[in-house]
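The next block holds one structure in the form of structure tokens; read it before the comments.
The values are calculated or read from the model by the stated rules, or taken from the named source; none is laboratory data. Since the structure is predicted, the reported quantities are computational estimates derived from the model, not experimental observations. Using ideal geometry, Cβ is built from the backbone for each residue, glycine included, and neighbour counts are taken over all protein chains shown. Side chains included, ligands, DNA and RNA excluded: accessible areas come from the protein's heavy atoms. Shrake-Rupley method; radii C 1.70, N 1.55, O 1.52, S 1.80 Å.
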Amino acid sequence: MATIAVIDYGMGNLRSVAKALEHVDDRSRIVVTHDPAEIRRADRVVLPGVGAIRECMAELRRLELDAVIHEVARNKPFLGVCLGMQALLTASEENGGMDALGVLPGQVRHFASGFADVGIAPPGKVPHMGWNQVRQARPHPLWQGIADHSWFYFVHSYFVPLLDDGLTAGVTHYGLDFTAVVARENIFATQFHPEKSQGAGLELLANFTRWNGTV
Amino acid sequence: MTLAKRIIPCLDVDEGRVVKGVKFLDIRDAGDPVEIARRYDQAGADEITFLDITASSDERETLVQVVEAVAAEVFMPLTVGGGIRTPADIRRMLNAGADKVGINTAAIHNPEFVREAAERFGSQCIVVAIDAKRVNGDDEPPRWEVFTHGGRRQTGIDAVEWARRMADLGAGEILLTSMDRDGTREGFDLALTRAVSDAVTIPVIASGGVGGLQHLVDGVVEGGADAVLAASIFHFGEYTVAEAKAFMAGQGVAVRRQEET
């Protein structure tokens, strides 16, 4: 039986992802764990996350998960969600500026500074909270069966700008275009919460449970 | 492509059962939170809110089981309010599968609780619920105060100032209920909604008074709300969530409609 490890670093509602995976996949064993050995043994790995990047990085380092994440993100099908996506990038403006894991190149910015950069008034409230549409910037096995411009549930105050080299696999607009999905090789990471996005979200998770990590 | 305005059905839960009857067509058990949540999920609700009205704290543990059961089957954002007083209460609800918790009276007793909760669990999961009531006459510029105990106890706190302070302390969202309008079906208190929405940079959910679909539109367009909470118009089957969204879309409000996905 295949195993999917959901990395548990004690923040927020991490179990939602596990419950949603169990709902779409009865062939895999879903483990919520911070045991490096168990994460290394898993066939697929999910890095979920809500909350603040400082706490997130502090907990990942305290549990000595940063090295493990770098290791498994090299070859296993790897799904990052929300803060779990932002943590994969180089650095974040949050909490006065924080180095993140640096698995993928990219900076995480606050919406306020993003809007200021392009000289626009905020299009609405921050956090960007609720349902918005995602344009599929390029084909990907995890988009299979999901209509372009499907709605997904977001909640975040920091965002990832559009990235170079085709890393942006999904784009959403909130005053400005930002990266809703970053993907490279075996890594697919979403700013939105697939586990809270009803049909389209469950479809994406189901695709992940079948994905071999190639594109 | 834009952020949709949200429609949030609210369910009152007492000792683990939904009360104030939900009267959907052909529902088997109108008190079962899981079945009702599933139905709202299928109907296209954007989130769901459970408000625990259980009087005795001994029975509160049943709500944890309700949240667990709902979260195992319904994959949409879930907010739980009522009786949230300590970080342990929040942790328990988040672990059970809630995405956000509503804090009301505990914030009034100790505003720092909101800061502590936001720092620990993230602003995104801290909803401060404000029950507001107008405290001056119609011939004066309106002023509202925060009330507790179902609108019976006046706190002396200005509601708009309070919303601003809660946002500053780290609240991620304001659930604003007009106690003047709650249960009247006369529509939201739009002046109150607009005053709070303009005062804060975080999303505001309008609540209290919805009696028809135009009220939902008014809450968003005139009140400036980011989301609208309603109970009876959906529970009693007067309107479906899909009808509400079609109506709002027809009035130019951006909503998430399933046929577009």
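Check each of the GluC sites (Glu not before Pro) in the stretch B:47-104 and keep only those in coil by DSSP with at most 15 other C-beta atoms within 10 angstrom; list them in order. Walk me through the numbers before you get to the answer.
Values: sites: B:GLU47, B:GLU59, B:GLU61, B:GLU68, B:GLU73; in loops: B:GLU47, B:GLU73.
Counting only loop positions with at most 15 other Cβ atoms within 10 Å, the GluC sites (Glu not before Pro) in the stretch B:47-104 are B:GLU73.
For chain A, with the dipole built from +1 on Lys and Arg beta-carbon atoms and -1 on Asp and Glu ones, taken about the Cα centre, which of A:ILE146, A:ASN75, A:VAL108 lies farthest toward the positive end?
The listed residue farthest towards the positive side: A:ILE146.
Peptide A:128-138: average number of partner chain Cβ atoms within 10 Å per residue?
Working: counts 2, 13, 13, 13, 6, 7, 1, 1, 0, 0, 0.
The mean count of partner-chain Cβ atoms within 10 Å per residue comes to 5.
For B:SER197, what accessible area in Å² do you get when you roll a 1.4 Å probe over the heavy atoms of the protein chains, rounding to the nearest 10?
10
If you place +1 on the Cβ of every Lys and Arg, -1 on the Cβ of every Asp and Glu, and leave all else neutral, what size is the dipole of the protein assembly as shown about its Cα centre, to the nearest 20 Debye? List each step's numbers first, then the result.
On the way: 47 positive and 65 negative charges, 133 e Å.
Charge dipole, the protein assembly as shown, about its Cα centre: 640 debye, nearest 20.
Might you report the magnitude of the Cβ-based charge dipole of the stretch A:29-181 about its Cα centre, with Lys and Arg at +1 and Asp and Glu at -1, to the nearest 20 debye? Don't jump to the answer; show the numbers that get you there.
Values: 13 positive and 16 negative charges, 73 e Å.
In debye, rounded to 20, the stretch A:29-181 gives about 340.
Which of the pairs A:LYS76/B:LYS100; A:LYS196/B:LYS133; A:LYS125/B:LYS245; B:LYS133/B:LYS245; A:LYS19/B:LYS100 have their Cα atoms more than 24 Å apart in this structure?
On the way: A:LYS76/B:LYS100 32 Å; A:LYS196/B:LYS133 34 Å; A:LYS125/B:LYS245 21 Å; B:LYS133/B:LYS245 29 Å; A:LYS19/B:LYS100 17 Å.
Check vs 24 Å cut-off fails for A:LYS76/B:LYS100; A:LYS196/B:LYS133; B:LYS133/B:LYS245.
If you take the Cα atoms of the protein assembly as shown, find Rg, then find the Kirkwood Rh from the mean of 1/r over all pairs, what is Rg/Rh?
My calculation of the ratio gives 0.95.
For chain B, what Kirkwood radius comes out of the mean inverse Cα-Cα distance, in Å?
Numbers: mean 1/r = 0.0545 Å⁻¹.
Result for chain B stands at 18.4 Å.
Can you give the longest run of chain A that contains no GluC sites (Glu not before Pro) sitting in a DSSP loop with at most 14 other Cβ atoms inside 10 Å? Mind dumping the intermediate values first?
On the way: sites that count: A:GLU64, A:GLU185.
Counting at most 14 other Cβ atoms within 10 Å as exposed, the longest clean stretch of chain A is A:65-184.
May I ask for the percentage of alpha-carbon pairs in chain A that lie more than 23 Å from each other?
In whole percent, the share of Cα-Cα pairs in chain A beyond 23 Å is 40.
Which is farthest toward the positive dipole end of the protein assembly as shown among A:PHE192, B:ALA88, B:LEU169, measuring Cα position about the Cα centre, with Cβ charges +1 (Lys, Arg) and -1 (Asp, Glu)?
Going by the charge dipole, the pick is A:PHE192.
For every other residue with a beta carbon closer than 11 angstrom to the beta carbon of B:GLY224, add +1 if it is Lys or Arg and -1 if Asp or Glu, then tell me the sum.
On the way: positive: A:LYS125, B:LYS5, B:ARG194; negative: B:ASP198, B:ASP218, B:GLU222, B:ASP226.
Result for the local shell: -1.
Of the chymotrypsin sites (Phe, Trp or Tyr not before Pro) in the stretch A:49-132, which ones lie in a loop per DSSP and count no more than 12 other C-beta atoms within 10 Å? Walk me through the numbers on the way to the answer.
Numbers: sites: A:PHE78, A:PHE111, A:PHE115, A:TRP131; in loops: none.
Answer by residue number: there is no such site.
Answer with one residue from B:ILE205, B:GLY237, A:HIS34: the one whose Cα lies farthest towards the positive end of the charge dipole of the protein assembly as shown, charges on Cβ with Lys, Arg +1 and Asp, Glu -1.
A:HIS34
Assign unit charges at the C-beta atoms only (+1 for Lys and Arg, -1 for Asp and Glu), then state the dipole size of the stretch B:158-261 relative to its Cα centre in Debye, rounded to the nearest 20.
Values: 8 positive and 16 negative charges, 34 e Å.
It comes to approximately 160 debye.
Compactness ratio of the stretch B:1-148: Cα Rg over 2.2 N^0.38 Å, N = residue count?
Values: Rg = 16.6 Å, N = 148, 2.2 N^0.38 = 14.7 Å.
This ratio for the stretch B:1-148 stands at 1.13.
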